[in-house]
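Chemist: This is the structure I want to talk about, given as structure tokens.
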Amino acid sequence: QVQLVESGGGLVQAGGSLRLSCAASGRGFSTYGMGWFRQAPGKEREFVAAISMSGANTLYADSVKGRFTISRDNAKNMGYLQMNSLQPEDSAVYYCATEPRGWAMRRTTDYHYWGQGTQVTVSS
């Protein structure tokens, strides 16, 4: 079993940056893929970015491509999401999750462990 805790969210002005962290405890993190998802009020949870267990493969939603960067440090059991050029439409609760096959995937149903989320608010 893996427990995930996100941190790094907060309030930022449009055009600013934030770096989200995902701390994993328990066994297996380095063998899992990892993803970031977000959910705004009244909307469904949506895919943001994903990375394979080795870090060799990454995927991004079109809406964040070129602005966000996903990474991981398996030695530290950590995942990261660097978010630049933030816009008000990026405001949401951001969740990290692990994918059991080690792949980078887009669907929420591919992920088995989830964190509690961290709030990101971007003011205009």
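Chemist: Would a scan of the range 83-90 turn up a residue that is open to solvent by 40 Å² or more (accessible area, probe 1.4 Å) and not in a loop (DSSP other than H, G, I, E, B)?
Modeler: So far as the range 83-90 goes, yes, one or more of its residues are open to solvent by 40 Å² or more (accessible area, probe 1.4 Å) and not in a loop (DSSP other than H, G, I, E, B).
Chemist: Also: Checking Ala24 against (1) touching a strand residue (DSSP E or B) at 6+ places or on another chain (Cβ under 6 Å); (2) assigned to a loop (DSSP other than H, G, I, E, B); (3) small (Gly, Ala, Ser), only one condition comes out false. Which one?
Modeler: (2)
Chemist: Next up: Just checking, does the range 11-34 include any residue being at positive phi and modelled with pLDDT of 95 or more? Working first, answer last.
Modeler: Let us first name the residues in the range 11-34 that are at positive phi, namely 15, 26, 28.
Within this subset, residues satisfying the condition of being modelled with pLDDT of 95 or more are 15.
Yes: the range 11-34 contains one or more residues that are at positive phi and modelled with pLDDT of 95 or more.
Chemist: Let me ask another. Of all residues in the range 54-73, count the ones that are among the hydrophobic types (A, V, I, L, M, F, W, C) and more than 14 Å from the chain's Cα centre (by Cα).
Modeler: First, pick out the residues of the range 54-73 that are among the hydrophobic types (A, V, I, L, M, F, W, C): 56, 59, 61, 64, 68, 70.
Next, from what is left, pick out any that are more than 14 Å from the chain's Cα centre (by Cα): 56.
Going through the range 54-73 one residue at a time, the tally reaches 1.
Chemist: Here are some residues: Thr118, Thr108, Thr69. Which one is within 17 Å of Gln39 (Cα to Cα), out of contact with any Pro (no Cβ under 7 Å at 6 or more places or on another chain) and open to solvent by 40 Å² or more (accessible area, probe 1.4 Å)?
Modeler: Thr108
Chemist: Looking at Gln1, is it surrounded by fewer than 16 Cβ atoms within 10 Å (Cβ to Cβ) and at pLDDT below 95?
Modeler: For Gln1, the condition - surrounded by fewer than 16 Cβ atoms within 10 Å (Cβ to Cβ) and at pLDDT below 95 - is met.
Chemist: If you don't mind, another one. Would you please list the contacts, defined by Cβ atoms under 6 Å and residues six or more apart or on different chains, that run from a residue in the range 89-118 that is more than 17 Å from Ser52 (Cβ to Cβ) to a residue that is at pLDDT 95 or above and assigned to a loop (DSSP other than H, G, I, E, B)?
Modeler: Ala92/Ala40; Val93/Gly117; Tyr95/Gly115; Tyr95/Gly117; Thr108/Arg45; Thr118/Gly9
Chemist: Answer yes or no: is there a residue in the range 72-82 that is in contact with a helix residue (DSSP H, G or I) (Cβ under 8 Å, 6 or more places away or on another chain), part of a loop (DSSP other than H, G, I, E, B) and surrounded by 15 or more Cβ atoms within 10 Å (Cβ to Cβ).
Modeler: For the range 72-82, residues in contact with a helix residue (DSSP H, G or I) (Cβ under 8 Å, 6 or more places away or on another chain), part of a loop (DSSP other than H, G, I, E, B) and surrounded by 15 or more Cβ atoms within 10 Å (Cβ to Cβ): present.
Chemist: Right, here's the next one. Looking only at the range 24-46, filter to residues that are hydrophobic (A, V, I, L, M, F, W, C) and under 11 Å from the mean Cα position of the chain (by Cα); which one of those is surrounded by the most Cβ atoms within 10 Å (Cβ to Cβ)?
Modeler: Across the range 24-46, the extreme among qualifying residues is Met34.
The values are calculated or read from the model by the stated rules, or taken from the named source; none is laboratory data. Since the model is a prediction, treat every value here as computed from it, not as a measurement. Neighbour counts are summed over all protein chains in view; Cβ atoms, including those assigned to glycine, are modelled from backbone coordinates with ideal geometry. The area values use the complete protein model at the heavy-atom level, side chains included, leaving out ligands, DNA and RNA. Shrake-Rupley method; radii C 1.70, N 1.55, O 1.52, S 1.80 Å.
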